[in-house]
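Reviewing the structure listed below.
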Amino acid sequence: MAVSNVKGVTKGVYKYKPHEHELVKIKDGNARDELTAAAIGQTCVRESAIVIVLSAVYERTTQRYGDRGIRYVQMEAGHAAQNLYLQALSLNLGTVVVGALKDQEVRKILKMPDEEYPLYLMPVGKI
Ligand SMILES: Cc1cc2nc3c(=O)[nH]c(=O)nc-3n(C[C@H](O)[C@H](O)[C@H](O)COP(=O)(O)O)c2cc1C
């Protein structure tokens, strides 16, 4: 997640640790411009307060389910994105799924390894 304009949260790039249920800062500074460029200049990314990046390591699922795991990962990403839409709405915020992104650029910004695939950028902000 990239934070650029949230009261009480320092600008930077954060990684969500599900087991600890916490955000760990991995980089200082505003990544908004870089992320906007990685999303081929889409203004919703530039104008948002935060950008949530949903990513997947397909291997974790395909090692169990074979090639069918690819569709399971993508279904799950869709579910997670839908939940973010619902949560944003309940907070009176707006979001949108951005699938048009340059994988390698997003990986670099978020310090993701090659086996991790960024699937969605979800900019969130006041409407
Ligand atoms: C998973 C997914 C990702 C998408 N990503 C983008 C995107 O990054 N940029 C974009 O302009 N439209 C994206 N779209 C398409 C838009 O959501 C929308 O369908 C399209 O802009 C047409 O909208 P309209 O029917 O209101 O004109 C995406 C659609 C889906 C289903």
Q: May I ask you to verify whether Gly12 is surrounded by 12 or more Cβ atoms within 10 Å (Cβ to Cβ), touching a Gly at 6+ places or on another chain (Cβ under 7 Å) and at pLDDT 95 or above?
A: yes
Q) Do we have Lys111 as surrounded by 13 or more Cβ atoms within 10 Å (Cβ to Cβ) and either in contact with a Phe, Trp or Tyr (Cβ under 9 Å, 6 or more places away or on another chain) or of a type in the set (Lys, Arg) (or both) here? A) no
Q) Any idea which of (1) touching a strand residue (DSSP E or B) at 6+ places or on another chain (Cβ under 7 Å); (2) outside any strand (DSSP E or B); (3) farther than 22 Å from Ile109 by Cβ is the one Gly94 doesn't satisfy? A) (2)
Q.
Kindly evaluate Ile70 against the criterion of being at pLDDT 95 or above, surrounded by fewer than 17 Cβ atoms within 10 Å (Cβ to Cβ), within 16 Å of the ligand (Cβ to nearest atom) and part of a loop (DSSP other than H, G, I, E, B).
A. no
Q | Search result, residues across the range 89-108 that are surrounded by 14 or more Cβ atoms within 10 Å (Cβ to Cβ) and more than 15 Å from the ligand (Cβ to nearest atom) | A | Leu93, Arg107
Q) Restricting attention to the range 50-67, which residues are open to solvent by 60 Å² or more (accessible area, probe 1.4 Å) and of a type outside the set (Ser, Thr, Tyr)? A) Glu59, Arg60, Gln63, Arg64, Asp67
Q: State all residues of the range 29-49 that are more than 16 Å from the ligand (Cβ to nearest atom), open to solvent by 40 Å² or more (accessible area, probe 1.4 Å) and assigned to a loop (DSSP other than H, G, I, E, B); if no residue qualifies, say none.
A: Asn30
Q: Spot the failing condition for Asn83; the list is (1) farther than 11 Å from Ser55 by Cα; (2) more than 16 Å from the ligand (Cβ to nearest atom); (3) open to solvent by 60 Å² or more (accessible area, probe 1.4 Å), and only one is missed.
A: (2)
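The values are calculated or read from the model by the stated rules, or taken from the named source; none is laboratory data. Just so it is clear, the structure is predicted and the values come from calculations on it, not from any experiment. Please note: Cβ atoms are built from the backbone with ideal geometry, for glycine as well, and neighbour counts cover all protein chains shown. Surface areas here come from the heavy atoms of the whole protein model, side chains and all, with no ligands, DNA or RNA. Shrake-Rupley method; radii C 1.70, N 1.55, O 1.52, S 1.80 Å.
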